[in-house]
1. Sort out which residues of segment 57-105 are among the basic types (K, R) and closer than 19 Å to L120 by Cβ, and write them in order of number.
2. Which one of the conditions (1) polar (S, T, N, Q); (2) open to solvent by 20 Å² or more (accessible area, probe 1.4 Å); (3) under 17 Å from the mean Cα position of the chain (by Cα) does S69 fail to meet, given that it meets all the rest?
3. Across segment 16-37, which residue is modelled with the highest pLDDT among those that are in contact with a helix residue (DSSP H, G or I) (Cβ under 7 Å, 6 or more places away or on another chain) and either within 26 Å of L306 (Cα to Cα) or assigned to a strand (DSSP E or B) (or both)?
4. Tell me which strands (runs of 3 or more DSSP E) are completely within segment 106-212 and hold 3 or more residues being open to solvent by 30 Å² or more (accessible area, probe 1.4 Å) and of a type outside the set (S, T, N, Q), or say none if there are none.
5. Looking at (1) farther than 22 Å from L169 by Cα; (2) open to solvent by 20 Å² or more (accessible area, probe 1.4 Å); (3) not in a loop (DSSP other than H, G, I, E, B), which is the one condition that is false for K64?
6. Can you list residue pairs whose Cβ atoms sit under 7 Å apart, with the first residue in segment 313-324 being modelled with pLDDT of 95 or more and the second being in a strand (DSSP E or B) and surrounded by fewer than 18 Cβ atoms within 10 Å (Cβ to Cβ)? Count only pairs 6 or more apart in sequence or on different chains.
7. Among the candidates A46, A55, A10, A4, which residue alone is assigned to a helix (DSSP H, G or I) and either in contact with a His (Cβ under 8 Å, 6 or more places away or on another chain) or among the small types (G, A, S) (or both)?
8. Could you list all residues from segment 21-35 that are surrounded by 15 or more Cβ atoms within 10 Å (Cβ to Cβ) and not aromatic (F, W, Y)?
Amino acid sequence: MQIADLYIGALGVFVPPVVSVEWAVERGLYPAEEAEAHELGGVAIAGDVPPPEMALRAAQQAVKRWGGSPTEFDLLLYASTWHQGPDGWPPQAYLQRHLVGGDMLALEIRQGCNGVFSALELAVGYLQADPNRTSALIVAADNYGTPLIDRWRMGPGFIGGDAASALVLTKRPGFARLCSVASKGLPEIESLHRGDEPLFPPSITRGRATDFSARIGQQFATRSPASVAMAEIQDHMTDVAERALAGAGIGMADVARVSFMNYSREVVEQRCMAAWGLPLSRSTWEFGREIGHCGASDHLLSMEHLVRTGELAPGDHVLQLATAPGLVVSSAVLQVLESPDWDE
């Protein structure tokens, strides 16, 4: 999707204190052999801070950096991958009450790690459909420090980190431009993250822990159609990334940095960087390896870090690429227009 005249007004983040992988290995939380193989450094842990409160703090920072009023938003989209509070309660209502008010469309996006990409696609269409609509607030938040999930063994090649992020998408001038967004569904791989678990009653209601490693392992052990189809996942990821680049009117040679999910070194290298012959230094792996895979927030956290630390200059393009259960592959291209002065 080629996008015209939509900008990133600001980014906000909430990243709690980080504990090291060595700390986890010493306590038997994380296998030493995985620490050696994956080369991950640490993970952000929020303790008992609720995800909606984390989202609120990230959103407050984004709004402050933006300089506009929180009541100006026409749309609020809240992306999450794990439970946010009491079942049956919508977490976006917390931000409506404490920040943006209630006179807008507010929705929760449950598209796994690609939730922000889905939110961007929806927000683009919503803002462009009405000339009177000017701005949208997109947030993401997760805290995996709960029963029935083990952050250290959630899935192959990553550790679950806690964090929140926020993005202001606006028709007004911003520090960056949203150039394009692309996505692709691969329903033939749907069962990969489901495994052989029954659809009903939902496993979480039966007190069964969520273990993506076990589910994925079962699919590969039985050579399910989903596991066989995974052999072509690299081709699908390349296709979506090239569609995003084409929508932005650039090639890979014009990309300053590539943002992938906060996974292990071998996953980032093999699934992402090697496809274009790019060195790991052009990725966001060094930053992501220290905070863990933070659900749908990975790319916004990385973008905020690159901008705030001066690793991106005006004119630079960033390619973002991710996958999520379903299976869905998503990509986006952003261009930095100016270096913002973010003191906080």
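The values are calculated or read from the model by the stated rules, or taken from the named source; none is laboratory data. Predicted model only: the values in this text are computed from it and were never measured. With ideal geometry, Cβ positions are generated from the backbone for all residues, glycine too; neighbour counts draw on all protein chains shown. For accessibility, only protein heavy atoms count, side chains too; no ligands or nucleic acids. Shrake-Rupley method; radii C 1.70, N 1.55, O 1.52, S 1.80 Å.
1. R65
2. Of (1) polar (S, T, N, Q); (2) open to solvent by 20 Å² or more (accessible area, probe 1.4 Å); (3) under 17 Å from the mean Cα position of the chain (by Cα), only one is false for S69: (3).
3. V21
4. 176-185
5. If we test K64 against (1) farther than 22 Å from L169 by Cα; (2) open to solvent by 20 Å² or more (accessible area, probe 1.4 Å); (3) not in a loop (DSSP other than H, G, I, E, B), just (1) comes out false.
6. Qualifying pairs under 7 Å: D316/A256; H317/A256; V318/A256.
7. None of the other options fit; the residue is A55.
8. V21, A24, V25, L29, E34, A35
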